[in-house]
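Engineer: One structure, as structure tokens, below. Some questions next.
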Amino acid sequence: DAGVTQSPTHLIKTRGQQVTLRCSPKSGHDTVSWYQQALGQGPQFIFQYYEEEERQRGNFPDRFSGHQFPNYSSELNVNALLLGDSALYLCASSAWGHPRNTEAFFGQGTRLTVV
Amino acid sequence: GIQVEQSPPDLILQEGANSTLRCNFSDSVNNLQWFHQNPWGQLINLFYIPSGTKQNGRLSATTVATERYSLLYISSSQTTDSGVYFCAVVIYNTDKLIFGTGTRLQVFP
């Protein structure tokens, strides 16, 4: 059973460029959430996708956008990159349960460096 | 918003020692998870424990939801236990994980 997979593992971009990160959820999961982890800090919630729609969003600007595909995989897009966007980007998958008592599992992350 | 504080922030142990990590949260929560982040950044699930006590090998965890805290116990620590330990909570009517401040553990041989 494959866990959560993310690609690429590392990425270097120039200020002002755009980047796309990808995530495939754990088998049996239908919900994908994205987190940003700056150096020395805990992960911060960016947004969550379920049924191909953004369900919740954290305090991130509109430069951060996403998409979920019918196979539940997801992309995170960041436009007009800033130096401050350099971070580890983590994808988490879970099942949209009722009630919402579901365990989240994380991928290995994509380390983005903006120069 | 909810505050999630972990203590101690740093912990240095010799191999074989035991330790207790604490997670305090300022509001009622729906879920609580403990993670170990290894030096490569991977978040490894340790426990999904909204309440009660669970054990997995040398690790165990207890969450007392009514008193808004959770404890992670590590016994007979090994060098591979080194890394950062995070607790993360989910508040009612949301699905987002709110991470604590983390405890950085270093285990020396």
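Engineer: A:ARG22 versus B:GLN106, label points 7 Å from Cα toward the beta carbon: distance in nm?
Structural biologist: Distance between the two pseudo-spin positions: 3.9 nm.
Engineer: Most mobile of A:GLN68, A:GLN18, A:GLN48 per a Gaussian network model of chain A (Cα springs, under 10 Å)?
Structural biologist: A:GLN18
Engineer: Now a separate question. Between A:GLN41 and B:ILE44, take the C-beta separation as r, use R0 = 30 Å, and let me know the FRET efficiency to the nearest 0.05.
Structural biologist: Working from the Cβ atoms, E equals 0.95.
Engineer: Would you please name the trypsin sites (Lys or Arg not before Pro) within region B:11-109 that are DSSP coil residues with at most 15 other C-beta atoms within 10 Å of their C-beta?
Structural biologist: Qualifying residues, ordered by number: B:ARG58.
Engineer: Now a separate question. For the pair A:GLU53/B:TYR73, report the inter-label distance in nm, with labels modelled 7 Å from Cα in the Cβ direction.
Structural biologist: Placing both labels 7 Å along Cα→Cβ, they lie 4.6 nm apart.
Engineer: In addition: Scan region A:59-90 for chymotrypsin sites (Phe, Trp or Tyr not before Pro) in coil per DSSP, keeping those whose Cβ has at most 16 other Cβ atoms within 10 Å, and list them by number.
Structural biologist: For chymotrypsin sites (Phe, Trp or Tyr not before Pro) across region A:59-90 that sit outside H, G, I, E and B with at most 16 neighbouring Cβ atoms in 10 Å, the list is empty.
Engineer: Put one equal scatterer on each alpha carbon of region B:8-52, apply the Debye formula with no solvent term, and list log10 I(q)/I(0) at q = 0.20, 0.22, 0.23, 0.30 1/Å to two decimals.
Structural biologist: Summing over Cα pairs of region B:8-52 leads to -0.93, -1.05, -1.10, -1.20.
Engineer: A further question follows. I want to verify a result. In a Gaussian network model of chain A, Cα cutoff 10 Å, which of these has the top mean-square fluctuation: A:GLU52, A:GLU103, A:GLU75?
Structural biologist: Looking only at A:GLU52, A:GLU103, A:GLU75, the biggest GNM fluctuation is shown by A:GLU103.
Engineer: Tell me, which residues of region A:75-92 get at least 50 Å² less accessible area when the other protein chains come in, versus the chain alone (1.4 Å probe)?
Structural biologist: Hits at the 50 Å² cut-off: zero.
Engineer: Computed on protein heavy atoms with a 1.4 Å probe, what is the summed buried accessible area for the chain pair A and B, in Å² to the nearest 100?
Structural biologist: That pair hides around 1700 Å² of surface in total.
Engineer: Label-point separation (nm) for A:VAL115 and B:ASN18, each offset 7 Å from Cα along Cα-to-Cβ?
Structural biologist: That separation, rounded to one decimal, is 5.0 nm.
Engineer: Take the alpha carbon atoms of region A:51-73, find their center, do the same for region B:31-87, and report the distance between the two centers in whole angstrom.
Structural biologist: The two parts, judged by their Cα centres, are 29 Å apart.
Engineer: Give me the percent relative contact order of chain B, please, defined on Cα pairs under 8 angstrom at least 6 residues apart.
Structural biologist: Dividing the mean separation by the residue count of chain B yields 37 percent.
Engineer: Aspartates and glutamates near B:LYS96 by alpha-carbon distance under 13 Å, same-chain residues fewer than 8 away left out - which ones?
Structural biologist: Hits, sequence-local ones excluded: A:GLU54, A:GLU103.
Engineer: Can you give the charge dipole size of chain A about its Cα centre, rounded to the nearest 20 debye, using +1 on the beta carbon of Lys and Arg and -1 on the beta carbon of Asp and Glu?
Structural biologist: 400 debye
Engineer: Something else: Work out the length of the dipole vector of chain B about its Cα centre, built from +1 on the beta-carbon of each Lys and Arg and -1 on the beta-carbon of each Asp and Glu, and round it to the nearest 20 debye.
Structural biologist: The dipole of chain B has a size of about 120 debye.
Engineer: Let me ask something else about it. Would you work out if region B:4-108 is rounded, prolate or oblate? Take a ≥ b ≥ c from the square roots of the eigenvalues of the alpha-carbon gyration tensor; rounded if a/c is under 1.5, else prolate when a/b is larger than b/c, oblate otherwise.
Structural biologist: The shape class here is prolate.
Engineer: Charges on Cβ only, +1 for Lys and Arg, -1 for Asp and Glu, centred on the Cα centroid of chain A; of A:LEU11, A:PHE105, A:PRO25, which one is farthest towards the dipole's positive end?
Structural biologist: A:LEU11
The values are calculated or read from the model by the stated rules, or taken from the named source; none is laboratory data. In this text, all values refer to a predicted model and were calculated from it rather than measured experimentally. With ideal geometry, Cβ positions are generated from the backbone for all residues, glycine too; neighbour counts draw on all protein chains shown. With ligands, DNA and RNA removed, areas are computed over all heavy atoms of the protein, side chains included. Shrake-Rupley method; radii C 1.70, N 1.55, O 1.52, S 1.80 Å.
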